[in-house]
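Take a look at the structure below.
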Amino acid sequence: MKRAIAGVALAAVLAVVVSGQGAGKAEPLPGLAATVTKVERAATASLRDCPPGTNTVNAVTRPGEQFALVTVAFTVAPAFKASPMKRPTVTDAADKRYNTASTFVDVGSVPEYSCTFPFRVPEGTKLKAMQIESASLDLSAFDAR
């Protein structure tokens, strides 16, 4: 009897783990899947919109700053209903929030695309999470500084 209960409890825990979002993966809006693919650092950054379009503005850091470039792959399901989306933000290990200049434009216009969001941060800032609408994507595994 105890073994059966333990087996049911283990199955319930596994179901929760399997159904949960993995590190760096989430669904910001129903039908829109987002997966972090990499985090890089740079002194300059493109401020392109997402999905990438014709905006070709670039930015340069000031002394003591760097850009944290967070690349996210998006998949748009047929059930996705396009709506205006807020700009993503990131938080660091101390829960300080940083904004990006990049915006979402025509999110459902193509079924799959990748965007790199630049965040101006102090040099050496360790990122914890990225927020896109209601989703929080774990960045700690990608930003092991």
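The values are calculated or read from the model by the stated rules, or taken from the named source; none is laboratory data. On a predicted model such as this, the values are computed, not experimentally measured, just so you know. As a convention, Cβ positions derive from the backbone with ideal geometry for all residues, glycine included, and neighbour counts pool all protein chains shown.
So, in segment 44-69, how many residues would count as being touching a strand residue (DSSP E or B) at 6+ places or on another chain (Cβ under 9 Å), exposed (fewer than 12 other Cβ atoms within 10 Å of the Cβ) and not polar (S, T, N, Q)?
Residues that pass the stated criteria total 4.
Does segment 80-119 hold any residues that are within 20 Å of residue 47 (Cα to Cα) and of a type in the set (A, V, I, L, M), and which are they?
Answer for segment 80-119, where residues must be within 20 Å of residue 47 (Cα to Cα) and of a type in the set (A, V, I, L, M): 85, 90, 101, 105, 107, 110.
Can you give me the number of residues within segment 82-98 that are touching a strand residue (DSSP E or B) at 6+ places or on another chain (Cβ under 6 Å) and either farther than 14 Å from residue 129 by Cα or assigned to a loop (DSSP other than H, G, I, E, B) (or both)?
4
Among the residues of segment 112-145, write down those that are surrounded by fewer than 20 Cβ atoms within 10 Å (Cβ to Cβ), assigned to a loop (DSSP other than H, G, I, E, B) and either touching a Ser or Thr at 6+ places or on another chain (Cβ under 7 Å) or among the charged types (D, E, K, R) (or both).
Scanning segment 112-145 gives 123, 126, 133, 145.
Among the listed residues 91, 75, 100, which satisfies the condition of being within 17 Å of residue 29 (Cβ to Cβ), surrounded by 11 or more Cβ atoms within 10 Å (Cβ to Cβ) and among the hydroxyl-bearing types (Ser, Thr, Tyr)? Steps first, please.
Working: 91 fails: within 17 Å of residue 29 (Cβ to Cβ); 100 fails: within 17 Å of residue 29 (Cβ to Cβ).
From the options 91, 75, 100, the qualifying one is 75.
Please give the number of the condition residue 49 fails out of (1) touching a Leu at 6+ places or on another chain (Cβ under 9 Å); (2) in contact (Cβ under 8 Å) with a residue 40 or more places away in the chain.
For residue 49, the exception is condition (1).
For residue 67, work out the one condition from (1) at pLDDT 95 or above; (2) aromatic (Phe, Trp, Tyr); (3) within 12 Å of the chain's Cα centre (by Cα) it doesn't fulfil.
(3)
Would you mention how many residues in segment 45-64 are modelled with pLDDT of 95 or more and more than 17 Å from residue 125 (Cβ to Cβ)?
The number of residues fulfilling the criteria is 0.
So which of 106, 92 ends up being at pLDDT below 95, charged (D, E, K, R) and farther than 20 Å from residue 58 by Cα?
Numbers: 92 fails: at pLDDT below 95.
None of the others qualify; the one that does is 106.
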